[in-house]
Amino acid sequence: MKYLFFALIASFFSLSILAQEYMVAQPKVNTFKNPASTGATAGNYRIGTKVKLLEKSANGKFLKVSQDKGATGWVTPSQIVALDKPTPKEIFLSIARSYNSKPKEDGAANVEVENWLNSLKTDKTLTPTELAEVEFLRLVTIQRIARSIPFGTNELKSWTDSHKKEVYYSDYGNAGHFLQQDLLWKLEATVPATDPLKERIAYEASQLETGGECEGYWVCVLDRALSKSGEYLKRHPKGTNASELVKSVLEEFRYLDPAEVKSYDATGQKLAKKSANDWKTILNKTAESSEKKQLIAVLNKL
């Protein structure tokens, strides 16, 4: 009787594990008819899909899962995440963050992820800050898509036509499509000052690849830097990444000749002087450092 009791307990425990729901954690996961990563496929799942565990392989390296009205097949444990948290949003936010830390750089995978992130915005359980984070992850995914889909293809045209509010095209310098930088700055403004997400968004905006090249023209160089590192420093003068950005701006400016500004017309000189003064105003609020002093010395020569 004792052994029967323990056998029943073990059986119940096993069944409860197998009945557990999981969420697919990677874009377009192929399922296989046999417990292997090669051979005949049984269909595929998109990121965020909920599946149920049916069986584990003898060596534990593969899991057989199924989806209601969908594919049934074998996947690896790394491709799915157990829905064992109090709320589903904790799982999908974790998946979204994990993917963003190690994204795939091909267009198709990121298009799938962007569509999934967009669908998450309808979840009524998300707080305003969590919604902001989902939108942030979607925007940086859009930048990856814009820079990874092969140029000149129908795929890129179709995608950019559906994202006219998020991307712009530049045919100068590093030509191609780019995320509208203002979208990140506007989003950053909605996040509470006490939340680390605010600075994270600002830093991403400061590092965003943008179209065109300045080719050493001071007016362009100054304004371009103001819209990126300068905007971050204006909003987060004592931020975690502030000293790093001061150093990067110094590296960008120190190899240009300030005397070149004297060769510009009156309008160009005036614009360069104004931008230089804007930079000095921003730097006045940042921490003291040798790089800051060197940067201000460069700006004083303009």
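Values for this structure:
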{"item": "Selected residue (only one of Val51, Val29, Val81, Val113 is of a type in the set (A, V, I, L, M, F, W, C), surrounded by 14 or more Cβ atoms within 10 Å (Cβ to Cβ), over 18 Å from the mean Cα position of the chain (by Cα) and closer than 27 Å to Asn154 by Cα)", "result": "Val29"}
{"item": "Restricting region 11-26 to residues that are surrounded by fewer than 14 Cβ atoms within 10 Å (Cβ to Cβ) and part of a loop (DSSP other than H, G, I, E, B), the residue that is modelled with the lowest pLDDT", "result": "Ala19"}
{"item": "Among (1) among the aliphatic types (A, V, I, L, M); (2) more than 30 Å from Thr160 (Cα to Cα); (3) in contact with a strand residue (DSSP E or B) (Cβ under 9 Å, 6 or more places away or on another chain), the one test that Ile95 misses", "result": "(2)"}
{"item": "Lone unmet requirement of (1) more than 30 Å from Tyr264 (Cβ to Cβ); (2) loosely packed, with under 13 Cβ neighbours inside 10 Å for Gly173", "result": "(1)"}
{"item": "So Ile282, is it farther than 26 Å from Leu197 by Cα and either outside any helix (DSSP H, G or I) or in contact with a helix residue (DSSP H, G or I) (Cβ under 9 Å, 6 or more places away or on another chain) (or both)", "result": "no"}
{"item": "Residues being farther than 24 Å from Lys121 by Cα, not in a strand (DSSP E or B) and not aromatic (Phe, Trp, Tyr) - total across region 54-69", "result": "6"}
{"item": "Output for region 192-233, where each listed residue is small (Gly, Ala, Ser) and over 19 Å from Lys247 (Cα atoms)", "result": "Ala193, Gly211, Gly212"}
{"item": "Odd one out for Leu126 among (1) within 21 Å of Tyr45 (Cβ to Cβ); (2) outside any helix (DSSP H, G or I); (3) touching a Lys or Arg at 6+ places or on another chain (Cβ under 9 Å); (4) not acidic (Asp, Glu)", "result": "(1)"}
{"item": "Extreme residue, surrounded by the fewest Cβ atoms within 10 Å (Cβ to Cβ), among residues of region 134-170 that are farther than 18 Å from Ala108 by Cβ and hydroxyl-bearing (Ser, Thr, Tyr)", "result": "Tyr169"}
{"item": "Among residues of region 75-98, those that are in contact (Cβ under 8 Å) with a residue 24 or more places away in the chain and either over 15 Å from Trp116 (Cα atoms) or not in a helix (DSSP H, G or I) (or both), counted", "result": "10"}
{"item": "So Leu93, is it farther than 27 Å from Arg138 by Cβ and modelled with pLDDT of 95 or more", "result": "no"}
{"item": "Only listed residue being buried (at least 19 other Cβ atoms within 10 Å of the Cβ), modelled with pLDDT of 95 or more and farther than 23 Å from Thr210 by Cβ, chosen from Lys273, Lys238, Lys292, Lys285", "result": "Lys292"}
{"item": "Check on Thr127, surrounded by fewer than 14 Cβ atoms within 10 Å (Cβ to Cβ) and either hydrophobic (A, V, I, L, M, F, W, C) or at pLDDT 90 or above (or both)", "result": "yes"}
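Here's the yes/no breakdown for (1) under 28 Å from Arg144 (Cα atoms); (2) exposed (fewer than 13 other Cβ atoms within 10 Å of the Cβ); (3) over 14 Å from the mean Cα position of the chain (by Cα); (4) among the hydroxyl-bearing types (Ser, Thr, Tyr):
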{"residue": "Asn44", "(1), (2), (3), (4)": "yes, no, yes, no"}
{"residue": "Leu63", "(1), (2), (3), (4)": "no, no, yes, no"}
{"residue": "Pro86", "(1), (2), (3), (4)": "no, yes, yes, no"}
{"residue": "Arg97", "(1), (2), (3), (4)": "yes, yes, no, no"}
{"residue": "Asn100", "(1), (2), (3), (4)": "yes, no, no, no"}
{"residue": "Asn118", "(1), (2), (3), (4)": "yes, no, no, no"}
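For every residue, the table says whether it meets (1) over 15 Å from Ala146 (Cβ atoms); (2) within 14 Å of the chain's Cα centre (by Cα); (3) buried (at least 18 other Cβ atoms within 10 Å of the Cβ).
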| position | (1), (2), (3) |
| --- | --- |
| Leu184 | no, yes, yes |
| Leu187 | yes, yes, yes |
| Pro192 | yes, no, no |
| Ser206 | yes, yes, yes |
| Gly212 | no, no, no |
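The values are calculated or read from the model by the stated rules, or taken from the named source; none is laboratory data. The structure displayed is predicted, hence computed values, not measured ones. No Cβ is skipped: glycine too gets one built from the backbone with ideal geometry, and neighbour counts run over all protein chains shown.
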